[in-house]
Amino acid sequence: MQSHHALVWIDHRSATVIHLDRETEEVTQVQSHHGKEHLHHKADAIGDGNIKPHADYFVNVMDVIGSSDKILLVGPADAKTEFVKYAEKHRPILAKFIVKVETMDRASSGELVDHARHFFSMLKPRLGSNH
């Protein structure tokens with residue numbers, strides 16, 4: 001589905017990418033290779049002990065986002081900010097389209113769609129834009 005708006009809910013284990021247009025939405029799940037292992041602390045690790053998401057996970061999420069020109073990025077913890085930093089370094093054009101990053105606990109697909117529709121309806125259209 002080609003859309004202009006996308007909501008991305010992301011944590012270190014999975015991402016839900018929702019593409020929206022005026023009448024429809026498409027929900028896609030992307031899984032990390034971390035599975036169910038504990039991600040917040042790695043025993044005997046050098047440094048902060050946090051396990052970072054695999055780069056291929058972020059690349060897969062970016063591929064699913066595609067060419068959306070307004071992206072709302074949400075999630076419960078650090079994965080969303082790590083994703084922004086990764087995108088800024090590796091896909092700066094995509095990073096420019098992230099219009100907001102906000103904290104949000106896990107929600108159902110329906111709740112995410114409702115949140116996205118409300119958020120995007122509040123944005124002012126850009127001058128000269130048909131979106």
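The values are calculated or read from the model by the stated rules, or taken from the named source; none is laboratory data. In this text, all values refer to a predicted model and were calculated from it rather than measured experimentally. Every residue, glycine as well, gets a Cβ built from its backbone with ideal geometry; the counts of neighbours run over all protein chains shown. For the accessible areas, the whole protein counts, side chains as well, though only heavy atoms, and no ligand, DNA or RNA atoms are used. Shrake-Rupley method; radii C 1.70, N 1.55, O 1.52, S 1.80 Å.
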If you roll a 1.4 angstrom probe over the protein chains with everything in place, what fraction of the accessible area of the stretch 51-110 belongs to carbon and sulfur, to the nearest %? 55 percent
Could I have the simple spin-label model distance between Glu102 and Lys89, label points 7 Å from Cα toward Cβ, reported in nm to one decimal? 2.8 nm
Charge sum, other residues only, whose C-beta stays under 12 Å from Ala95's C-beta, Lys/Arg counted +1 and Asp/Glu -1: +3
Once both label points are put 7 Å beyond Cα along the C-beta direction, the Thr81-Thr28 separation in nm becomes 2.8 nm
